[in-house]
Amino acid sequence: MKILKLILLVLISGLFIVKASGQENARHIMQKSKENGKFKGLETVSTLKIIDKKGRERIRRTYMASKSYDNENLDKRIIIFLSPSDVKGTGMLVYDYDHKADDMWIYLPALRKTRRIVSSEKGKSFMGSEFSNADMSAINPDDFTFKILGREKVNETDCWKIECIPSNDEIASDLGYSKEILFVAQKDYILRKAIYFDLDEEVLKTLISQKVKMIDIAEKKFLATELIMENHQNGRKSEIIMEEIEVNKDLPDDIFTTAYMERQ
Amino acid sequence: MIKFFIPILWLTGQILLAQTLLNEKDNYSNDMGLKTDFGGFVRGVAYAGRTNDHKSAELKSIYGNASFTVKTLFGDFGKGFAEVRIRKGYEFGSDIGELDLREAYAEFYPGKFEISLGQQIVSWGKADGFNPTNNITPRNTIIRSPDTDDMNMGNFLFRVRYQFLSNSGFEAIWIPKYKPSVLPWNFSSMPEGVRFTEGDYPDGQLQNSSVAFKFNMDLPSFDFSVSWFSGFGLDPGITIGVPDVLPDSTFLMNVVTKAYREQITGFDFSTTLGKYGLRGEVAWRLPENNYGGKIYVPNPDLWYIFGIDRSLGNVQIIAQYIGRYVIDFKDIVLPEDSLDLIRYSLEEGNRMFFRQQYKWSHSASLRISSDMLYQTLTAEVFGMLNFTTREYVIIPKLTYSITDGLSITAGLEWYYGKENTLFDIIEDPFNSVFLQLKASF
């Protein structure tokens, strides 16, 4: 009898370990995916195309610079709009912390002022596109529970299929998502596809990484340089195409300041 | 000699380090390596309201307006910027034709410094719409435009900013020549025999210049700045000028605007608390010593603003409390001698414009804005209510972006004030519906 109890205990513990290990693997993949997206210094000039359901396009060009401060678990990022004329000069500065709420500032040329904004509005649309503010940065593993659902090919690339569920209702509400299904490439940990579900658990949007490039040969780091986000509920689509990319440049810290944003 | 070169090499090194993709490639580049960018806008603006007797409708302002900007970047060494505006039309019963060099300045970035000289607009303060610490560039408060930035008037400045840490900076400004704000004095009714004339302002002597300093710091979750201004107040007062003797030997009393010296010490901050943004701004104004004897000089006061903002989906809400405490406040006593009546009414007028009619005054402002139709339609309502003087303003407006760079704005500006208040004076000329069609390039 004792032996039977012992076998049962081992089996139950084993199941628990397997489950915990599955969770840990998914989390590990997402953590690695996030770390892979960090660069000592990254600059891009991109085009954001916003396409409505009738196919009409609005085009925005942006400059973005980011820098990782590993010892502080901090990514600093600045985005400045280059066109069209009515948003030109608008800037956004983000201090993205790993374990606390981000610091965010926005500079509006019409007001000639930099304003600190609340970072919890991550679900808001990024400049009227189908990308939300949250979609513009890697997900924070602390905000989700993960589960590997299996393996699938996306555009002939082997990917892990990972379910991400916000840890609590507040995070879900901030993001505007009840669930995300992410397809992370096994070879480079780059997100190849994502399916986002709204708070009613209906499919909301699909993200496809159209083009992935190795941009840091020394560290073998990749970056999705063409992204398409399709909204299934309103028929709209947005594309981000990174036209100019520079990595590992020793970007001066002064770039990531409100003063620099105002100067442009 | 070596000692001389080391700082130059250090500065040059700093500049070279600061080269970014932004300034290398985003704009047109010519053979000299300069990047020149032209921009601006053209627009038509119309304001219509009621006549002063409220019996019929009239045009308050109609004009065509063109703005041309040019920005030349010298890598990250510096830049030059200029904006010229041309405005032609009709406003407050008169034809207008204006050519304005609104801004024209050059900037140089040696290392962590930013040095600029020329006609510039500087905007200080973290509160929304009302900024007690914003005392550098004057404002045209009577211009009829849906874009609030059009109130800002360029002023000749020498400005040095020193960003000694990534989160901390120091700023010093020298304003060599006084330039006053444009206030709605002309809308006040003057008694018979009294004439309003603009300007008893300081000349170009160096002793008449103004200076301002600001230290700012952006800490995680908390930004603040401390500022100090010493110079001539942007909003001049009115006083009795030298009378004119008319050919029929009668006197014509002149009421003139007059500038005064003051010091303003300010503090502002912004922070976040959960899903709320909090901001505040306070300024202590200390006019020249013998303010009590000069009716055109305001009393010392404390002007303070505390605000809270919150986003709910696509709706942004900013609510603010605005208070003022007037130091050494004394009631004005109606004089028995009729000769002192003009001085009495001018003193009352000054207090009205300086917002110092009461020892304590309390106001609230609210701005609600919402982006709709994928950020192509913006609806905004701004309101301010002064509980003490019983005045209010409400400005609802809708802006639709027809396509990138082309927008249409329509709205209403509505002021109300009890008798002997500023809004009572401006409500008839200002209350209007407005329409703007604007093409930016």
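The values are calculated or read from the model by the stated rules, or taken from the named source; none is laboratory data. Values in this document were obtained by computation on a predicted structure and should not be read as measured data. Quick reminder, even Gly has a Cβ in these numbers, built from the backbone with ideal geometry, and neighbours come from all protein chains shown. Only protein heavy atoms, including side chains, enter the accessible area calculation; ligands, DNA and RNA are left aside. Shrake-Rupley method; radii C 1.70, N 1.55, O 1.52, S 1.80 Å.
Which parts of segment A:96-119, residue by residue, lose 50 Å² or more of accessible area when the rest of the protein chains are there, as against the chain isolated (1.4 Å probe)? Residues of segment A:96-119 that lose at least 50 Å² of accessible area once the other chains are added: A:Arg112, A:Lys113, A:Arg115, A:Arg116, A:Val118.
The calculated FRET efficiency for the pair B:Gln263 and A:Glu219, based on their C-beta separation and a Förster distance of 51 Å, comes to about 0.35. Taking the C-alpha atoms only, the angle from helix A:2-36 to the longest principal axis of chain A is near 10 degrees. Here r is the Cβ-Cβ distance between B:Lys330 and A:His28 and R0 is 60 Å; the resulting FRET efficiency, rounded to 0.05, is 0.25. Over segment A:24-263, accessible surface divided per residue gives 43 Å², non-protein components excluded, 1.4 Å probe.
Look at the stretch A:244-256: the mean tally of other chain Cβ atoms within 10 Å of its residues' Cβ atoms is 4.
If you take the C-alpha gyration tensor of the protein assembly as shown, multiply each eigenvalue by 5 and take the square root, what semi-axes do you get, largest first, in whole Å? Each step should come with its number before you reach the end.
Details: eigenvalues 589, 161, 129 Å².
Semi-axes (√(5λ), whole Å): 54, 28, 25.
The Cα-based radius of gyration and maximum Cα-Cα distance (Dmax) for segment B:226-359 are 20.2, 72 Å.
Could you order the peptides B:210-216, A:256-262 from most to least packed, using the average number of other C-beta atoms within 10 Å per residue? Present the calculation step by step, with values, prior to reporting the outcome.
On the way: B:210-216: 18.9, A:256-262: 22.1.
Ranked from most to least packed, the peptides come out as A:256-262, B:210-216.
Note on segment B:350-374 and segment A:144-158: Cα centroid distance 55 Å, given to the nearest whole angstrom.
Note that segment B:339-353 has calculated 3J(HN,Hα) couplings of 5, 8, 5, 5, 4, 4, 6, 5, 5, 4, x, 4, 4, 5, 6 Hz, one per residue in order, obtained from phi through the Karplus relation 6.51 cos²θ - 1.76 cosθ + 1.60 (θ = phi - 60°); glycine and proline are x.
Working from Cα pairs under 8 Å separated by at least six residues, relative contact order for chain B is 11 percent.
Based on the Kirkwood radius over alpha-carbon pairs, what is the Stokes-Einstein translational diffusion coefficient of segment B:190-275 at 4 °C with 1.567 mPa s viscosity, in µm²/s?
77
Between A:Asp142 and B:Phe170, the FRET efficiency estimated from the beta carbon spacing at R0 = 30 angstrom works out to 0.20. Between B:Tyr162 and B:Tyr400, the simple label model (points 7 Å from Cα in the Cβ direction) yields a spacing of 5.3 nm. Under the convention that each Lys and Arg Cβ holds +1 and each Asp and Glu Cβ holds -1, the size of the dipole of the protein assembly as shown around its Cα centre is about 1820 debye.
Based only on the alpha carbon positions, what is the Kirkwood hydrodynamic radius of chain B, in angstrom?
On the way: mean 1/r = 0.0409 Å⁻¹.
Taking every pair of different Cα atoms in chain B, averaging 1/r and inverting gives 24.4 Å.
Among B:Glu103, B:Glu58, B:Glu281, the residue with the largest mean-square fluctuation in a Gaussian network model of chain B, with springs joining Cα atoms closer than 10 Å, is B:Glu58. Distance between the C-alpha centres of segment B:180-197 and segment B:257-303: 25 Å, rounded to the whole angstrom. Local charge for B:Pro429 was computed over the other residues whose Cβ lies under 14 Å away, with Lys and Arg +1 and Asp and Glu -1, and equals -4.
Couplings 3J(HN,Hα) of segment B:85-98, computed from phi: 10, 10, 9, 9, x, 9, 8, 6, x, 10, 6, 10, x, 10 Hz, in residue order, whole Hz [Karplus 6.51 cos²θ - 1.76 cosθ + 1.60, θ = phi - 60°; x for Gly and Pro]. Counting, for every residue in B:144-157, the Cβ atoms of other protein chains within 10 Å of its Cβ and taking the mean gives 1.
Keeping the other protein chains in place, figure out the carbon and sulfur percent of the accessible area of segment A:97-227, with a 1.4 Å probe.
Working: 2970 of 6050 Å².
That fraction is 49 percent.
Positive-end ranking of B:Ser56, B:Ala172, A:Ile240 along the dipole of the protein assembly as shown, with charges on Cβ about the Cα centre, is headed by A:Ile240. Taking Cα centroids, how far is segment A:234-261 from segment A:88-104 in Å? Centre-to-centre distance over Cα atoms comes out at 12 Å.
Counted by Cβ distance under 11 Å from B:Arg390, the other residues give a net charge of -2, where Lys and Arg count +1 and Asp and Glu count -1. Computed from protein heavy atoms with a 1.4 Å probe, the total accessible area buried between A and B is close to 4500 Å².
Here the extension length gained between B:Phe68 and B:Asp248 equals 59.7 nm, from 0.36 nm per residue of separation less the Cα-Cα distance.
Rolling a 1.4 Å probe across the protein heavy atoms gives chain B an accessible surface of 48 Å² per residue. A cut-off under 9 angstrom between Cβ atoms defines the neighbours of B:Asn314, and their net charge, with Lys, Arg +1 and Asp, Glu -1, is 0. Label-to-label distance for B:His362 and A:Leu111 is 2.7 nm, based on points extended 7 Å past Cα in the beta-carbon direction.
Starting from the Kirkwood radius over alpha-carbon pairs of chain A, derive D by Stokes-Einstein at 37 °C in a medium of 0.692 mPa s and give it in µm² s⁻¹. Could the numbers behind the result be given before it?
On the way: Rh = 19.9 Å.
Translational D for this selection: 165 µm²/s.
About its Cα centre, how strong a charge dipole does segment A:24-263 have in debye, to the nearest 20, once Lys and Arg get +1 and Asp and Glu get -1 at the Cβ? Let's see the in-between values first.
Details: 40 positive and 43 negative charges, 156 e Å.
Rounded to the nearest 20 debye, it is 740 debye.
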